[in-house]
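Below: the structure, in structure tokens.
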Amino acid sequence: MADCIFCKVASGEIPARIVRRTPEAVAFYDLQPQAPTHVLIVPTKHLGAIRDAKGPDLALLGRLLSFAAEVASELGLDPAGYRLVSNTGPDGGQSVFHLHFHVLGGRRMAWPPG
């Protein structure tokens, strides 16, 4: 989508602190981190949210989760653990309507989360 900020980051039109990139996903540092390590995992294909993944996009969700786990491992988050979150819709806390996962680590996470 032409006006989607995450599409622009994924295409390189908007600069970001990239952690890792593949043809179908980009990991980059969040501009407003909520933990010492806060990385966003964004598919290069525009999908509004998890609920929009249908058919072949369902396999993409699996690859995005695997990509997120690899990024977390590369960032050294495996020993203590990390949180992986995807918000859906306004009540779910989604503010950018392009499917993305938050990888949060580097501190103990509270429960319940919000």
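Before moving on, here are some points about what is shown:
- Pick from the range 74-93, criterion in contact with a helix residue (DSSP H, G or I) (Cβ under 8 Å, 6 or more places away or on another chain) and within 15 Å of Arg107 (Cα to Cα), ranking: surrounded by the most Cβ atoms within 10 Å (Cβ to Cβ): Tyr82
- The number of residues in the range 11-48 being closer than 14 Å to Leu99 by Cα and either modelled with pLDDT under 95 or open to solvent by 40 Å² or more (accessible area, probe 1.4 Å) (or both) comes to 4.
- Candidate set: the range 72-108, residues that are in contact (Cβ under 8 Å) with a residue 60 or more places away in the chain and part of a loop (DSSP other than H, G, I, E, B); chosen: the one nearest to Cys7 (Cα to Cα): His98
- Any hit, the range 25-35, residues being touching a Gly at 6+ places or on another chain (Cβ under 7 Å) and farther than 25 Å from Asp3 by Cβ: yes
- Conditions (1) touching a residue at least 60 places away in the same chain (Cβ under 8 Å); (2) touching a Pro at 6+ places or on another chain (Cβ under 9 Å); number of the one not met by Asp30: (2)
- Scanning the range 49-69 for residues that are open to solvent by less than 20 Å² (accessible area, probe 1.4 Å) and assigned to a loop (DSSP other than H, G, I, E, B) yields Ala49, Ala53.
The values are calculated or read from the model by the stated rules, or taken from the named source; none is laboratory data. Just so we're clear, the structure is a prediction, and the values are computed from it rather than from any experiment. So basically every Cβ, Gly included, is an ideal-geometry build from the backbone, and we count neighbours across all protein chains shown. Protein only, heavy atoms only, side chains kept; ligands, DNA and RNA dropped before computing areas. Shrake-Rupley method; radii C 1.70, N 1.55, O 1.52, S 1.80 Å.
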